[in-house]
Structures are given as structure tokens and as C-alpha cells.
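> My questions all concern the structure below.
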Amino acid sequence: MAKIKLDIFRFDEATDTVPHRDVVDVDIPETVTVLDALEHAKAEIDGSISFRRSCRSAICGSCSMNINGVTGLACKTNCKDVVKDDGSIQIDPMPNFQPMKDLVVHMDPFWDKYARLKPYLQPKDKDSEHETERRVSPDDMKKLVDVANCIMCATCYALCPVVSVDPAFAGPAAIAYAYRFIEDVRDGKRDERIAQISEDYLWLCAHCYACSYCPKHVDPNWRIVDVKRAAIKDRVMMNERGPRHALVFAKSVKQLGVLNEADLIQGTIGRFNIVGLTKVMPQAVRMAARGKLPPPFMKPIPKVDEVRTIFDSLEVPVS
Ligand code: SF4
Ligand code: SF4
Ligand code: FES
């Protein structure tokens with residue numbers, strides 16, 4: 001048995017204006033999960049402690065919370081792996097969500113972003129037009145298996161720094177789920193789905209890999225790369241700044257072996273977008289004054305051919 005101090009965030013939006021913390025001492029086997037420890041605290045010490053849970057098996061996605069500052073499933077986190085030297089575990093609600101009561105948060109923004117991408121199959125043909133099941137080859141199915149394991153726990157969403165600064169961003173889970181239908185050969189709305197997720201700020205993803213921690217190995221960060229590749233390959237929403245930025249970036253590195261930042265800014269904004277270019281002019285002048293603007297004509301680096309061989313292996317066109 002181990003004595004553990006659960007240092008719990010407490011807040012009730014119905015009665016409190018500011019949160020406070022309660023430290024609850026529990027005496028439990030050290031091998032139990034953080035969720036078990038919370039259940040014990042609620043059953044034996046303070047019945048008002050609120051948190052979501054259902055399956056206790058990393059299946060339902062309900063129990064995501066911050067444990068010592070790291071978001072994860074409480075039912076998949078052993079106390080012995082996270083207890084600090086002073087015997088405490090700090091437990092907070094997921095970031096990027098409004099707290100409702102203690103560890104329970106308002107999930108509406110997360111679900112709304114799912115709903116916008118129409119998370120159900122929209123087949124090419126009508127149900128009435130086919131007499132057998134719609135078949136998918138094992139190779140086509142392989143692409144979808146991992147992402148179909150998503151339990152919508154919102155851990156990745158809570159970890160995403162872009163969601164924290166721009167709540168309009170669809171977030172990693174919704175984009176990964178969009179991928180699940182974009183790459184489904186039975187679905188008939190591929191272009192519409194790519195356009196929808198582009199409108200929901202697909203291109204804002206900064207590829208920081210914070211969402212690479214996913215309890216079900218969905219790897220949303222790589223699915224975001226796949227959706228961006230699909231957008232460029234299918235030439236969907238190519239007038240947006242996001243795909244233009246990606247293509248100019250890649251083209252510059254392919255031609256020169258390094259990034260030409262002046263060209264990147266022009267290409268992203270639009271070379272004939274006078275209003276847009278005028279807006280960034282003061283910044284360009286400041287950069288030039290500090291010697292940070294690259295020369296207008298840059299030469300390729302030595303051995304640029306070695307860089308170009310990387311691009312030759314890519315499937316996405318760099319133009
Ligand atoms: S992608 Fe992973 S972390 Fe994100 S909601 Fe799905 S299961 Fe949770
Ligand atoms: S990789 Fe993109 S979606 Fe994932 S956490 Fe970073 S910014 Fe957010
Ligand atoms: S209780 Fe279901 S995922 Fe943790």
C-alpha cells in the first residue's frame with residue numbers, strides 16, 4: 001500500500017468565481033491507476049469530487065485530464081509512474097477547455113468541430129443502387145485502421161498550442177477523422193471534405209508534434225500531413241495562403257538548398273496581391289534595416305543536388 005496525496009483542482013461554475021485546490025490523502029496499492037485513486041477518494045473521502053469516466057480500460061475516451069501537467073487518460077496512467085518524490089500527484093482538467101466542475105470540462109467546441117466534418121460515410125452511390133456490400137481491399141483498409149481507433153478522448157486537442165491561441169482551428173482529432181473519410185475509397189465527398197477541413201484552418205497546424213502523444217496511436221500529426229498532401233495532390237483550395245506557403249517553401253528549398261524568406265513572403269501573400277504586399281512592407285523595411293532580408297537573387301548552396309534527391313522521392317508535386 002502507498003500513501004498518496006491527490007492535489008486536485010476544484011471549481012464549480014455554478015457557485016465559484018475562482019478555482020481552488022484540495023489535497024486528499026488516499027491509502028491505496030501503488031499499482032492502481034490515477035482513475036482508481038480518484039474513485040477511492042470520491043467513494044471514501046469526498047463524494048463531491050467530479051470527473052468523467054466509464055470504461056476504465058482506455059476505450060470510452062472519457063477520463064482525459066492533466067496529470068502532473070501532462071494530458072492523458074487517468075485509467076491508463078499508473079500512480080507509481082507519476083507520483084512525485086513528495087508523494088503527491090497533481091490533477092487538473094484538460095487545458096484548451098472551459099472547466100465545468102472540478103475535472104469535468106465543457107466538450108462542446110471539440111464535438112462541434114467533429115460535427116462540421118460530417119463524420120459518417122457518404123457513399124458514391126445510393127444505398128438503393130447496390131445489392132452487395134461495399135468492399136474495400138486490405139491495402140485500402142490498412143490506411144484507415146489506426147485512425148478508426150480514435151476514442152475521441154481529446155487528449156491531442158488539449159495538447160495543441162494552436163488551439164490555445166486560435167480556437168477556430170479544427171484541431172488534430174477532427175483533422176485525423178477527416179482523413180479517415182477522405183481516404184475511404186467508398187466515400188464520394190473527398191473534395192468537399194478537403195475543402196471543409198481547409199476552411200476549418202487545416203493549414204494553421206504548425207507541425208509541432210505535441211499531438212504525437214495519443215493513447216490509441218492514431219498519430220494525428222501524421223494524418224494532418226496526409227490531408228495536406230491530399231489537398232495539394234487534388235488541387236483543392238489552392239488559392240489559400242496555406243498551400244501556397246507550403247509550395248513556395250518546398251520550391252525554394254528544392255531550387256536553392258535553403259529557404260529564400262523574401263520569396264516565401266511574396267509567394268505566400270500572392271505576387272500580384274498589391275494590398276497584401278503593401279501591408280507587410282513596413283516589416284520588410286525593418287528586416288532590411290537590421291540586415292535580415294536575404295539578397296533578391298540567391299545562389300544555390302554547394303551540393304544542392306543532394307537536397308534535390310529528397311524531393312525526387314516525394315509523391316507531392318512542388319509546383
Ligand atoms: S487522436 Fe488520439 S488523442 Fe486525439 S482524440 Fe483520438 S484517441 Fe484521443
Ligand atoms: S502538430 Fe499541429 S495539430 Fe498537432 S499539436 Fe502541433 S499544431 Fe496542433
Ligand atoms: S475511463 Fe474510459 S478511457 Fe478512461
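A short reminder: the numbers here are calculations on the coordinates, not readings from a lab. In this text the structure is predicted, and so the values were computed from the model without any measurement. Don't worry about glycine lacking a Cβ; one is built from the backbone with ideal geometry, like all the others, and counts go over all protein chains shown.
> Quote the FRET efficiency, to the nearest 0.05, computed for Asn68 versus Glu131 with a Förster distance R0 of 41 Å and r equal to the Cβ-Cβ distance.
After rounding to 0.05, the efficiency reads 0.15.
> Under the rule that an exposed site lies in a DSSP loop and has at most 11 other Cβ atoms within 10 Å, name the longest stretch of the chain with no GluC sites (Glu not before Pro) of that kind, not counting the sites themselves.
In the chain, the maximal stretch lacking such sites is 134-314.
> Could you state the principal axis extents of the C-alpha atoms in region 195-306, from the largest down, to the nearest angstrom?
Principal extents (Cα only, largest first): 49, 38, 27 Å.
> Shifting gears a bit: What is the dipole size for region 1-136, taken about its Cα centre, with +1 at each Lys and Arg Cβ and -1 at each Asp and Glu Cβ, in debye to the nearest 20?
Here the size comes out at about 520 debye.
> Which three numbers, in whole Å and largest first, are the semi-axes of the equivalent ellipsoid of region 241-312 derived from its Cα gyration tensor as √(5λ)?
24, 16, 7
> Which of the pairs Lys142/Lys228; Lys124/Lys228; Lys80/Lys228; Lys142/Lys233 have their Cα atoms more than 30 Å apart in this structure?
Exceeds cut-off: Lys80/Lys228.
> If you don't mind, there's one more thing I want to ask. Using only the alpha-carbon atoms of region 1-123 as identical scatterers, what base-10 log of I(q)/I(0) does the Debye formula give at q = 0.11, 0.20 Å⁻¹?
-0.40, -1.12
> Taking the chain as a Gaussian network, where each spring joins two C-alpha atoms under 10 Å apart, which residue of Ala178, Ala58, Ala250 fluctuates the most?
Largest GNM mean-square fluctuation: Ala250.
> Could you grab the Rg to Rh ratio for region 132-255? Cα atoms only, Kirkwood for Rh.
Checking Rg against Rh, the ratio lands at 0.98.
> Sort the following peptides by mean Cβ neighbour count (other Cβ atoms within 10 Å, averaged over residues), highest first: 224-235, 113-124.
Top to bottom by mean Cβ count within 10 Å: 224-235, 113-124.
> Based on the alpha-carbon set only, what is the convex hull volume of the chain divided per residue, in Å³?
Residue-normalised Cα hull volume stands at 225 Å³.
> Between Thr155, Thr71, Thr309, where does the largest GNM mean-square fluctuation fall for the chain, given springs only between Cα atoms within less than 10 Å?
In this elastic network of the chain, the residue with the biggest mean-square fluctuation among Thr155, Thr71, Thr309 is Thr309.
> Continuing with this model, one more query. Mind telling me which of Val26, Val147, Val34 comes out most flexible in a GNM of the chain, alpha-carbon contacts under 10 Å?
Result for the chain, Cα springs under 10 Å: Val26 fluctuates most.
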